[in-house]
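Structure record follows, encoded as structure tokens.
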Amino acid sequence: MAQITLKNIAHSYMDAPSEEADYALKEVDHVWRDGEAYALLGPSGCGKTTLLNIVSGLLRPSHGRVLFGGEDVTDMPTAERNIAQVFQFPVVYDTMTVRENLAFPLKNRGIEAQTITERVQRVAAMIGMEDELNRKARGLTADAKQKISLGRGMVRDDVNALLFDEPLTVIDPHMKWELRTQLKRLHGQFGHTMIYVTHDQTEALTFADHVVVMHDGRVVQIGTPEELFERPAHTFVGYFIGSPGMNLLPAEVRGDRAVIDGHEVMLGSGYDDLSGKVEIGIRPEFVRLTDEGGLPATIKRVEDVGRHRLVRAEVLGRPVNVIADEGGPLPSENAQVAFDPARINVYANDWRVEGR
Ligand code: ATP
């Protein structure tokens, strides 16, 4: 296992990039700590696969260095980096049996036959394929083949890192949950450095202790699921994470208040040093419908979402979502909304500002 350090990484797929927009990765400085499980989360096209391929060595970055432990591996080929990588689509040998496929990464490594048998048995149990070990991979479903790919990724316990690039895309929804649990268990058992790429926030938040959020070629926040929810470092994290995401309203800060179109909103802590225009962010979970003392709101729509109601309102010309208890009375068309001051985040130029 190794700590993986990315130093000032940038990457462009163009021969002669001339402006920032030409770079798929713009400036990434990041440390994947030894033995930790990370989810790498972001929307399609933000650079997750590019970053993962730079870690694995499938791609050489245009700028910057990659270190495993103290060793610079930027110019080292993938085969020498001692990592296991599982891709979105299955990579299996059709002519081999499931057993042979699973054993493949262990062969030629001088591992005893008995140990190989035990390890293969162990991962076969993890992926639920103990009864199919003697079947040829050819003829198996895409779902089963992807399980074999996952098993092959998990079969070695001496790798520097385990990299997963959206590995559950083709897996049946019921099995997804089971495999994610197995991956977590594997991490608990062997403490691999794991990087798990996904664009699905539920998958990221349930899999990892640390979530690395990417946006437009940059890492914008590294945090626990709770930190991403409570204190999104960037407005993008606010609205990307959550269902629906954070509400954002343009405002001006005056001490412990934000002023929105002449209406004052209390903030949790003072922002005396802040001047000029900001945005205040408040999650739908912390917005309350009220009869007095709030901001004027027009209710546009009410949706039943399981145990809650999602109220779509317009507040001072801006859309504001409210998650309200199902039991309460239906809001009238003209209502008011109030924000829990302690739950308000303040953003200047899209980045979160810490209050006093
Ligand atoms: P997805 O979830 O869709 O796989 P991603 O976050 O993994 O997206 P990347 O695949 O790393 O994003 O792509 C980042 C950017 O680089 C995108 O704009 C993409 O179009 C571009 N890109 C990726 N691979 C190549 C390539 N081989 N040649 C040219 N451009 C590429």
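What follows is calculated from the coordinates using simple rules that are stated; it is not laboratory data. Since we're looking at a predicted model, the values are computed, not measured. Note: ideal-geometry Cβ built from the backbone for every residue, glycine included; neighbour counts use all protein chains shown.
Give the calculated FRET efficiency between THR202 and ARG356 to the nearest 0.05, with a Förster radius of 35 Å applied to their Cβ-Cβ distance.
Step by step, r from the Cβ atoms, then E = 0.50.
Taking springs between alpha-carbon atoms closer than 10 angstrom, which of HIS187, HIS263, HIS210 fluctuates most in the Gaussian network model of the chain?
Most flexible of the set in this elastic network: HIS263.
Separation between the ARG312 and PHE190 pseudo-spin-labels, each 7 Å from Cα along Cα→Cβ, expressed in nm?
Here the answer is 4.7 nm between the modelled labels.
On a full-extension model of 0.36 nm per residue, what is the gain between THR74 and ASP143, subtracting their alpha-carbon distance, rounded to one decimal in nm?
21.4 nm
Can you work out the PRE-style zone for ASN82? Point 7 Å along Cα to Cβ, and I want the residues of segment 155-178 with backbone N under 19 Å.
So the set is 155-164.
Please list, in order along segment 318-333, the HN-Hα scalar couplings obtained from phi with the Karplus expression 6.51 cos²θ - 1.76 cosθ + 1.60 (θ = phi - 60°), rounded to whole Hz, x for Gly and Pro.
Computed from phi, the couplings for segment 318-333 are 10, x, 10, 9, 10, 9, 10, 5, 5, x, x, x, 5, x, 6, 4 Hz.
Residue by residue through segment 40-57, which ³J(HN,Hα) values in whole Hz follow from phi under the Karplus form 6.51 cos²θ - 1.76 cosθ + 1.60 (θ = phi - 60°), with glycine and proline marked x?
These are the phi-based 3J(HN,Hα) values: 10, 10, x, x, 4, x, 7, x, 5, 5, 4, 5, 5, 5, 6, 5, 7, x Hz.
Quick query: amide H of THR193 versus all other amide H atoms, modeled in the peptide plane; which residues come in under 5 Å with a sequence gap of 5 or more or a different chain?
Amide H neighbours of THR193, under 5 Å, 5+ apart: ALA2, GLY35, LEU162.
Give, in nm to one decimal, the length gained when the segment between ASP291 and THR95 is fully stretched (0.36 nm per residue of separation minus the Cα-Cα distance).
Additional length available on full extension: 63.6 nm.
Just flag the GluC sites (Glu not before Pro) in segment 276-308 sitting in loop per DSSP whose Cβ has no more than 16 other Cβ atoms within 10 Å.
GLU292
What residues qualify as long-range amide H neighbours of ARG283, i.e. H under 5 Å apart, gap of 5 or more or another chain, H built at 1.01 Å from N?
For ARG283, the qualifying residues are ASN247.
Any idea which of VAL311, VAL159, TYR347 is furthest toward the positive side of the dipole for the chain, if Lys and Arg beta-carbons carry +1 and Asp and Glu beta-carbons -1?
Working it through, the farthest residue towards the positive pole turns out to be VAL159.
Thinking of the chain as a set of Cα atoms, what percent of all their pairs are more than 34 Å apart?
40
With runs of 4+ DSSP H residues as the only contributors, calculate the mean residue ellipticity of the chain at 222 nm using -39,500 (n - 2.57) per run, divided by the residue total and rounded to the nearest 500.
-6500 deg cm²/dmol
Sorting LYS136, LYS147 on the 10 Å Cβ count, fewest up front, what's the list?
Exposure proxy ranking, most exposed first: LYS136, LYS147.
Starting from 0.36 nm per residue, how many nanometres of slack lie between MET14 and SER275 once their C-alpha separation is accounted for?
Contour length minus Cα-Cα distance gives 89.9 nm.
Over segment 243-353, one equal point on each Cα, no solvent: what is log10 I(q)/I(0) by the Debye formula at q = 0.22, 0.24 Å⁻¹?
The Debye formula, applied to the Cα set alone, gives -1.19, -1.36.
Tell me the net charge near PRO61. Cut-off is 13 Å between Cβ atoms, PRO61 excluded, with +1 for each Lys or Arg and -1 for each Asp or Glu.
Around PRO61, the charge tally is 0.
Between PHE89, PHE339, PHE190, find the one with the highest GNM mean-square fluctuation for the chain; connect C-alpha pairs within less than 10 Å.
Greatest mean-square fluctuation among the candidates belongs to PHE190.
Could you name the lysines whose alpha carbon sits less than 20 Å from that of LYS176, not counting residues in the same chain fewer than 8 places away?
Cα-Cα hits under 20 Å: LYS145, LYS147, LYS184.
Report the FRET efficiency, 1/(1 + (r/R0)^6), for ALA21 and TYR239, where r is their Cβ-Cβ distance and R0 is 22 Å, rounded to 0.05.
About 0.50, to the nearest 0.05.
Which far-off residues, 5 or more places away or on another chain, put their amide H under 5 Å from the one on THR224, with H placed in the peptide plane?
Counting only residues 5 or more places away or on other chains, the set is VAL211.
Which of the GluC sites (Glu not before Pro) found in segment 16-108 are in a DSSP loop and have at most 10 neighbouring Cβ atoms, other than their own, within 10 Å?
Answer by residue number: GLU19.
Kindly provide the trypsin sites (Lys or Arg not before Pro) of segment 242-319 that DSSP labels as loop, not H, G, I, E or B, and whose Cβ sees at most 13 other Cβ atoms within 10 Å.
Of the trypsin sites (Lys or Arg not before Pro), the ones in loops of segment 242-319 whose Cβ has at most 13 other Cβ atoms within 10 Å are ARG307.
Apply the Karplus parameterisation 6.51 cos²θ - 1.76 cosθ + 1.60, with θ equal to phi minus 60°, to every residue of segment 103-111 and state each ³J(HN,Hα) to the nearest whole Hz, in sequence, with x for glycine and proline.
Taking θ as phi minus 60°, the curve returns 7, 3, x, 9, 5, 6, 10, x, 8 Hz for segment 103-111.
Calculate how steeply helix 113-126 sits against the longest principal axis of the alpha-carbon atoms of the chain, using the helix alpha-carbon long axis, and give the answer as 0 to 90 degrees to the nearest 10.
30
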